[in-house]
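Reviewing the structure listed below.
The values are calculated or read from the model by the stated rules, or taken from the named source; none is laboratory data. Small disclaimer: the values here were computed from a predicted structure and weren't measured. Note: ideal-geometry Cβ built from the backbone for every residue, glycine included; neighbour counts use all protein chains shown. These accessible areas exclude ligands, DNA and RNA; they are computed on the full protein's heavy atoms, side chains included. Shrake-Rupley method; radii C 1.70, N 1.55, O 1.52, S 1.80 Å.
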Amino acid sequence: QVQLVESGGGLVQAGGSLRLSCLFSGSIFKIWTMGWYRQAPGKQRELVASITGSGSTNYADSMKGRFTISRDNAKNTVYLQMNSLRPEDTAVYYCNRYPDPGSWPGLRDYWGRGTQVTVSS
């Protein structure tokens, strides 16, 4: 079964940078379009960016120019480089498939534990 392990979060000052990683296992990684999502306290989870198996990317408008999603299919890993961080970027960040996050073969509504990003002003 698919497993997702996010890492790389932490506490950073506004204007700083972080690089998140998500290690994927349990299926053939390169066939899945992957996304990074985030959920801030009291808010719904939202899509940050997505990347196809061949590397085509899309971003939410507020992340364009600041965040970069990438993947290494040989390492079964998807990354999110976050620059010019703002306090409003504070959230738990998750990776998952895109679209239909959580809907993996044999699983229903599966999410990893996520990684906390906190941006101080």
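Structure notes:
- Given R0 = 30 Å, the distance between the Cβ atoms of ALA40 and ASP72 translates into a calculated FRET efficiency of 0.60.
- For the chain, the solvent-accessible area works out to 53 Å² per residue, with a probe of 1.4 Å and every protein chain left in place.
- Protein accessible area in the chain, 1.4 Å probe - carbon and sulfur %: 46 percent
- For LYS64, the lysines whose Cα falls under 21 Å of its own Cα, not counting residues fewer than eight places away in the same chain, are LYS43.
- With contacts taken as Cα pairs under 8 Å at a separation of at least 6 residues, the chain carries a relative contact order of 35 percent.
- Here the dipole of the chain is about 120 debye; that uses its Cα centre as origin and unit charges on the Cβ of Lys and Arg (positive) and Asp and Glu (negative).
- Candidate cross-link partners of LYS30 among the aspartates and glutamates, defined by an alpha-carbon separation under 16 Å and a same-chain spacing of 8 or more, comprise ASP72.
- Relative contact order [Cα under 8 Å, 6+ residues apart], segment 37-90, whole percent: 23 percent
- In this entry, the chain is assigned a mean projected area of 6.8 nm², taken as a quarter of its C-alpha convex hull surface.
- Here the peptides 3-9, 38-44 are ranked by packing, the mean other Cβ count within 10 Å, and the order with the highest first is 3-9, 38-44.
- Listed by chain and number, the aspartates and glutamates whose C-alpha is less than 20 Å from the C-alpha of LYS75, apart from same-chain residues fewer than 8 away, are GLU6.
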